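Colleague: Dropping a structure here in structure tokens format, bear with me for questions.
The values are calculated or read from the model by the stated rules, or taken from the named source; none is laboratory data. For clarity, every value in this text was computed on a predicted model and none was experimentally measured. Positions of Cβ are backbone-derived with ideal geometry, glycine not excepted, and every protein chain shown enters the neighbour counts. Surface areas here come from the heavy atoms of the whole protein model, side chains and all, with no ligands, DNA or RNA. Shrake-Rupley method; radii C 1.70, N 1.55, O 1.52, S 1.80 Å.
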Amino acid sequence: SKPIYTASPRLVNTDSVLCKNTPTSFVIEDNYPNSTLGYTWKVVGKSYTTSNASTTRVDANILGTFTNSVIIKNIVSGATYCPDTVFLDHSILVRGPKLDFTLPTSVCFADTVHIVNKSVPFIASDSVLVWHWNYGNSLANDTVYQPEPIVYNSPKTYRVELTAKDINGCEDSLRKQVVVKPIPFLQVFPANDTLCAGESDTLLAFHNNSITWSPSTGLSCSD
């Protein structure tokens, strides 16, 4: 003989609208009285598994409107056990600013860094009220939609962070980085020289990177 478990499980969640990055909880009520169950949760845009736990708590950090469900399956009997899929009786909307901006991944020292803000509200009517930029340096942070071009004062890696908040109080942040590369050191000796026709000279270069001599005509080497 084998035990047969019967039930009419329900997936329960009291949220219908969430700000992005807000935690939300799901629970299975009237579940099967079986201690060897495993669960595959497909909730607020994520999919993951748990065992021996008919509840889950997850951060809703993906924008969208989601149909939520859980697959209940006996993890001991494996394929010989029929899984049961339970759906939440309503969808969940995850809203907030849809952040995006572009900047170069690397620039040379003293070059200008141009940042282009492409952020929009996920829902058009949810206008964004607050913009906050942190450029990763000692400059004053900006509270504008489109920042002015930046020139960093030393070569290193800088983290640029944008934070925004909309009319519903939904807040999100996006971080990217730009590498400011140092200018190569180069000194050539002699800097100036005078030769008679037909004579030759030796040029020496002190440097910390690869170099190329030009024009290559009349030179013994070009690198």
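Colleague: Can you tell me how many residues within the stretch 164-195 are touching a Leu at 6+ places or on another chain (Cβ under 9 Å), free of Cβ contacts under 8 Å to residues at least 24 places away in the same chain and among the hydroxyl-bearing types (S, T, Y)?
Modeller: The number of residues fulfilling the criteria is 0.
Colleague: If only one of F109, F87, F101 is closer than 30 Å to V160 by Cα, open to solvent by 50 Å² or more (accessible area, probe 1.4 Å) and of a type in the set (F, W, Y), which one is it? Even if it seems obvious, please write down each step before you answer.
Modeller: Details: F87 fails: closer than 30 Å to V160 by Cα; F101 fails: open to solvent by 50 Å² or more (accessible area, probe 1.4 Å).
Every option except F109 fails the conditions.
Colleague: Would you point out which residue out of V94, V44, V76, V58 is touching a residue at least 24 places away in the same chain (Cβ under 8 Å), on the phi > 0 side of the Ramachandran plot and in contact with a Ser or Thr (Cβ under 9 Å, 6 or more places away or on another chain)?
Modeller: The unique qualifying residue is V44.
Colleague: Further, regarding this structure: When you check E161 against the structure, is it touching a Pro at 6+ places or on another chain (Cβ under 8 Å), closer than 27 Å to V94 by Cα, touching a residue at least 12 places away in the same chain (Cβ under 8 Å) and of a type in the set (D, E, K, R), yes or no?
Modeller: Working: touching a Pro at 6+ places or on another chain (Cβ under 8 Å): no; closer than 27 Å to V94 by Cα: yes; touching a residue at least 12 places away in the same chain (Cβ under 8 Å): yes; of a type in the set (D, E, K, R): yes.
So E161 fails the test.
Colleague: Limited to the stretch 72-108, what total is found for residues that are within 22 Å of I62 (Cα to Cα) and either of a type in the set (S, T, N, Q) or modelled with pLDDT under 90 (or both)?
Modeller: Here is the first cut: in the stretch 72-108, the ones within 22 Å of I62 (Cα to Cα) are 86-102.
Within this subset, residues satisfying the condition of being either of a type in the set (S, T, N, Q) or modelled with pLDDT under 90 (or both) are 91, 102.
Qualifying residue count for the region: 2.
Colleague: If you don't mind, there's one more thing I want to ask. State the number of residues belonging to the stretch 35-50 that are surrounded by 15 or more Cβ atoms within 10 Å (Cβ to Cβ) and more than 15 Å from T67 (Cβ to Cβ).
Modeller: Summing the residues that are surrounded by 15 or more Cβ atoms within 10 Å (Cβ to Cβ) and more than 15 Å from T67 (Cβ to Cβ) in the stretch 35-50 gives 3.
Colleague: A follow-up question, please. Anything in the stretch 159-176 that is under 11 Å from the mean Cα position of the chain (by Cα) and among the polar types (S, T, N, Q)? List them, or say none.
Modeller: Within the stretch 159-176, just S173 meets the criteria.
Colleague: Moving on to the next point. Within the stretch 151-202, track down each residue that is among the small types (G, A, S) and either surrounded by 13 or more Cβ atoms within 10 Å (Cβ to Cβ) or farther than 30 Å from V17 by Cβ (or both).
Modeller: Once the filter is applied, which keeps residues that are among the small types (G, A, S) and either surrounded by 13 or more Cβ atoms within 10 Å (Cβ to Cβ) or farther than 30 Å from V17 by Cβ (or both), the stretch 151-202 yields S154, A164, S173, A191, A197, G198, S200.
Colleague: Could you please tell me which pairs satisfy a Cβ distance under 7 Å, a separation of 6+ or placement on different chains, a first residue in the stretch 4-32 that is open to solvent by 60 Å² or more (accessible area, probe 1.4 Å), and a second residue that is part of a strand (DSSP E or B) and among the acidic types (D, E)?
Modeller: R10/E29; N21/D59; N21/D172
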